[in-house]
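Here the structure is laid out as structure tokens; the discussion comes afterwards.
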Amino acid sequence: MSCFPISDRYVKSHALWPALVMLSLTGGYLLYTHINLSGLVTGSGSVLGGDFLAFYTGGVFLNQGILKDIYSINSSLLFPHQIDFQKSLISKDLDGYAPFLNPPFMAFIYSPFARLPYVYGLIIWQVFNFLVLTYTINLLRKELEFFQQIPLHKLVGCCFLFYPTLGWFMHAQATPIILLLYVLCYKYLRHGNDFKAGFFLGLIAFKPQLAIALAVVLLLKWRWQALLGGVISVSLWMGTGFIFLPDAMFAFLEVSPQFLDLLRSPNYPTWGIHSFFGFFVLLLDHTNVLLSNSSIYIISGGTIILLYFLWHKFTWKKDLAWWDLAMAITFIWGILLSPHLYYYDLMLLLLPAAIVINFIETGKTESTTMLFGIAITWIACFLSGFISIGQILLYDKYQIIAPVFQVSTPIIFLWGLSIFNYLIKRHKQVYT
């Protein structure tokens, strides 16, 4: 089971039925909430377009020349200027808001969409991101041998059998852009064009935490051209911000250390964060914040050590198939290091899943364990948020303070660990 079709034998075994049920349930819910629109508020009470409201806010503030004000924060970790604007746009009775937390230079991306009425801007934004996703899958299709036999439209369609892809669409997030940068980095590293790979990786500077693991690997293997490319693209982003928006950049740098506190606040849906940070905050914050933070640092550090051990054993691209799997592990574990990894960001797992499936199908290897890892990860990415919400509601009902166990993070980690163990075992078999 996976977000990509593997072959007829898996389809015939009805492995895609759970995915189709998930798609039908989610699609039906989305249709119901949009049929019952009240202004710009859906039938579920959420704002039409979800997080696009935050991007639209950033674009409007930039267009009006007041972007600095967007980062003004009060003692309750709320952004009063953003709230006032969003209430004026949506409804004075708006319950909740979508904070713009991106660096100022990202507002240049959202500015053209914010010059349009909200609904038109949202439609064009969604079309733009769908085209980005299609282009990205086409790049991956050309790169990985197995997927060349599958029509592009089927591959794009199968992406929506993976729940986080639907999450991107429902929240109108920018995840396809990040996925494109991941795929471009992977592609150019695979072809030995390290500078371009690093340049595209550096463009993730608006969410730099998502580049940490791969940057560590490039540093460990001393891919200096990739590192140089990354430094240049990050410098271009930062330079653009400080040259054109210096006040906003300084305001952002001043307030950004408080963002982690925001992710822990009662106003934030921490249950939706699927990373080491989210896992331990939900599990341990109610007991001891210091213990929670220590666990985050220990597990994150341990993961980086495992990546060091993995890449230290392998010569860079001596065996392309093994290198592919090592890259898949890096992408899998790398996203877990990000403090903010909302469930739609798990869409980035499409890349390592495609790499693993290509390895299985082109290498004719024993695939049971690897396919099981993909299947369990897919199920966890669908159910985990609901399981966390269920625990929270149960505790609230009975006024209990107890740990919330988030299912997805350990399962995603174990998926990467199963591939890690496979590679280490194969390495020992070949070289002993």
Checklist entry - Restricting attention to the stretch 177-197, does a residue exist that is open to solvent by less than 50 Å² (accessible area, probe 1.4 Å), without any contact (Cβ under 8 Å) to a residue 60 or more places away in the chain and within 21 Å of residue 381 (Cα to Cα)? => result yes
Item to check | Filtered residues of the stretch 198-214 (kept if surrounded by fewer than 19 Cβ atoms within 10 Å (Cβ to Cβ) and either touching an Asp or Glu at 6+ places or on another chain (Cβ under 7 Å) or under 20 Å from residue 310 (Cβ atoms) (or both)) | outcome: 212
Checklist outcome for this item: When the stretch 340-363 is checked residue by residue, the ones that are over 20 Å from the mean Cα position of the chain (by Cα) and of a type outside the set (A, V, I, L, M) are 358, 359, 361, 362, 363
Next on the checklist: Just the residues that are over 22 Å from the mean Cα position of the chain (by Cα) and open to solvent by 20 Å² or more (accessible area, probe 1.4 Å), please, taken from the stretch 285-294.
Outcome noted: 285, 286, 287, 288, 289, 290, 291, 294
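The values are calculated or read from the model by the stated rules, or taken from the named source; none is laboratory data. These figures come from a predicted structure and were not determined experimentally. When we count neighbours, we look across all protein chains shown, and the Cβ atoms used for this are built from the backbone with ideal geometry, even at glycine. Calculation scope for accessible area: heavy atoms of the full protein, side chains included, ligands and nucleic acids excluded. Shrake-Rupley method; radii C 1.70, N 1.55, O 1.52, S 1.80 Å.
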